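Reading through the structure tokens given below for one structure.
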Amino acid sequence: MTTTVPPVHGAGPDFRVDADAVTAERAWSLAPMIAGRPRMRVGVRTGRPGEFTYPQRAERPLTAVLPSAPAAVRLADKHGCIHTLCLDLDVGGHGAHQVEADRRTLSAWLDSFGARYVTDRSPSGGHHIYVPLAIPVPYRDAWEVVRALRSIAPSLDPSVFNSVHGCIRPPGARWKHGGYQLLLGDIDEASFILSTRNAESLWLSMWSSLEQERHELGMNEPAAPEPEAVEAAAGVSTTRPFFARLEAVAREGTTEGYKSRSEARMAVLVGAARIGMRFQDVVARVEDGRWAGLASFYAKYTGTVARRRLASEWNKALRFLAANGLKQPPPTQRESHGRISYTSPAGSHAPTRGTRSHRDSILQWLAAADRQLTVHSTSSRQARSARWVARALAEAAVKSGGQNVAFGVRSLAVAAGMSHTSVATHLKWLRSLPDPPIVLDQVGRLEHADTYLLVIPDEFGSTVPPRGRRRVFALRPAFRALGHVAAEVFEAVEDGRADSAVSASSVCRMSLTAAREATDILLSYGLLARAAGRLVARPGRLPSIAEYLGAHIELRDQVDAYRLQRRAWHAYLEWLLARPLGGQLGSHGSPCREPAASSPGNALPQGQRHSGGCPQAADTAPSHRPTMGQTNRCAALPTR
């Protein structure tokens with residue numbers, strides 16, 4: 001039995017297909033043959049009708065059952081190589097007529113090489129062409145081929161190969177506005193093509209035919225000659241954290257600024273050796289997918305040859321360090337200076353270690369504050385966000401060794417994994433509660449932050465800290481990517497308060513659906529495991545998962561941005577205090593002279609400046625307050 005599938009307006013002639021053979025459930029069975037690894041990302045609604053995103057926190061194992069939401073499969077394997085060349089013809093900005101013309105052009109181009117491929121169509125009129133390869137190729141090579149093909153197919157979108165995390169919705173996947181990716185052709189034939197693959201010579205033939213187009217785009221050759229020296233690493237910094245530029249090369253395989261891929265990978269290895277990494281550390285990152293970009297540089301080597309090549313170049317990197325008088329630091333070397341505030345420079349504070357009784361008192365305050373937030377919040381989302389701000393305050397109290405916390409909103413924002421404006425909003429709400437858990441003890445001035453006193457509300461003074469909780473910390477980096485809900489479920493299991501999604505739902509006061517989704521995500525990343533029917537936490541995997549998801553990069557970028565803003569604020573203060581009226585502001589936290597409320601001449605509309613250039617602002621909503629998150633600050637500049 002056949003039926004006519006209604007075509008999208010302007011998408012060309014009708015396609016008559018076997019309706020039983022191309023049902024979404026059966027077509028989804030092709031997904032594992034297209035994916036580079038058995039992983040998928042399930043779409044998450046953005047808040048706009050019909051709009052979805054595919055964040056890393058929504059990644060989970062590829063299932064045989066068609067997901068109930070739009071889902072996309074990962075194209076690159078853990079070594080940064082793709083097994084199926086996917087050509088994505090996007091109808092947006094081009095129109096269905098152009099997409100159909102490009103589909104015919106690409107089909108004719110592939111037919112000229114004798115290639116076998118599978119095609120599907122989106123309800124919007126876009127098309128995907130899947131070309132199975134016999135040998136995996138680096139995803140950057142695939143990106144170069146797709147970019148070169150845009151000269152004959154303008155609607156071709158190369159963004160699926162922009163990074164090793166690229167995804168695509170396979171045949172049978174749901175579409176965001178309803179409907180499915182419709183397989184064009186017989187599913188048994190498509191399965192045969194994807195399982196038997198194309199000849200090994202196909203890729204080299206396609207690559208060679210696009211030599212002129214790739215040359216015009218300034219792209220690298222796939223197999224660059226090995227350099228005799230490692231001058232690429234001559235300018236490597238001596239900062240202990242891995243350098244942002246080299247990390248981009250290691251994670252994404254970018255070669256911008258380097259003459260060849262060999263030069264880029266040598267720069268990565270020298271940089272890794274310079275900060276004290278061991279060869280085992282590099283191998284682990286290459287093999288588990290954290291450095292998929294670097295792994296793709298060794299894709300031309302097979303089997304154990306790649307490991308031997310990596311070992312040889314690692315020894316070359318060590319020789320380079322020795323020849324240039326750069327000693328490799330021991331991997332166990334730890335920083336001896338203190339860093340109490342995330343936005344303060346290293347060494348600006350003496351290390352502080354709270355006593356056990358102090359930690360216990362902070363844990364009791366945290367438990368009481370958590371209970372109060374649950375009672376007085378108007379929504380679970382508000383309570384959850386405020387709870388993490390309270391956690392950041394508790395961590396700051398442990399670092400400072402007292403009940404008074406004088407940390408800026410940006411430092412608290414880094415600890416809580418949210419924006420500084422959100423932290424300011426929640427701080428204001430917390431201190432507005434009846435019998436509040438925090439009291440504004442001292443208003444901040446100049447470079448000094450507000451000081452908050454942590455107070456256990458009388459109503460909740462008998463609250464007992466959660467069983468198993470003996471540490472005080474805010475959001476751990478991995479959960480910047482996985483989300484605050486996943487963090488709460490993980491900690492409930494880690495502390496022994498929950499052993500299933502059902503119990504986590506009760507303990508964390510969230511819906512069962514949210515708890516199950518968080519549990520699935522944590523299981524998919526190996527942060528939770530099942531043992532004898534119970535969930536068991538694996539906290540030792542948190543650092544590697546954070547690195548794999550790039551959460552440490554997000555953390556670093558936020559800290560760097562806040563440091564720049566803080567320096568700008570301090571520079572402005574120096575300029576302001578040097579002006580004739582600047583002395584009225586005081587210094588080192590001494591009070592400024594407040595304008596008299598009864599004097600009309602001192603009453604300024606919000607945001608208006610005094611003639612001396614110092615803007616004054618009342619303690620109002622965070623969007624109108626000085627951006628330092630404190631009162632009586634200069635509102636025009638970014639601050640701490």
### Task
Tell me the trypsin sites (Lys or Arg not before Pro) within region 58-145 that lie in a loop according to DSSP and have at most 11 other beta-carbon atoms within 10 Å.
none
#### Entry: Using a Förster distance of 60 Å, the FRET efficiency for Tyr301-Ser419 (Cβ separation, nearest 0.05)
0.85
### Query
Tell me, what is the 1.4 Å probe accessible area of Phe192, in Å² to the nearest 10?
120
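Ordering His376, His97, His127 by how much accessible area each has at a 1.4 Å probe, largest first, what is the list?
Putting His376, His97, His127 in descending order of accessible area: His97, His376, His127.
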### Gyration tensor verdict on region 71-228 (Cα atoms; rounded if a/c is under 1.5, prolate if a/b is larger than b/c, oblate otherwise)
prolate
### Task
Could you provide, to the nearest whole Å², the per residue accessible area of region 365-506 with probe 1.4 Å?
36
#### Entry: region 64-218, accessible area per residue, ligands and nucleic acids excluded (1.4 Å, Å²)
38
### Query
Residue separation times 0.36 nm, minus the C-alpha to C-alpha distance between Phe113 and Asp288: what's the value?
59.5 nm
### Message
If you roll a 1.4 angstrom probe over the protein chains with everything in place, what fraction of the accessible area of region 80-142 belongs to carbon and sulfur, to the nearest %?
### Response
52
### Simple spin-label estimate for Tyr572 and Asp188 in nanometres, 7 Å along Cα-Cβ
7.2
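The values are calculated or read from the model by the stated rules, or taken from the named source; none is laboratory data. Note that this is a predicted model, so its numbers are computed, not measured. So basically every Cβ, Gly included, is an ideal-geometry build from the backbone, and we count neighbours across all protein chains shown. When the accessible area is computed, the model is the full protein with side chains, heavy atoms only, and any ligands, DNA or RNA have been set aside. Shrake-Rupley method; radii C 1.70, N 1.55, O 1.52, S 1.80 Å.
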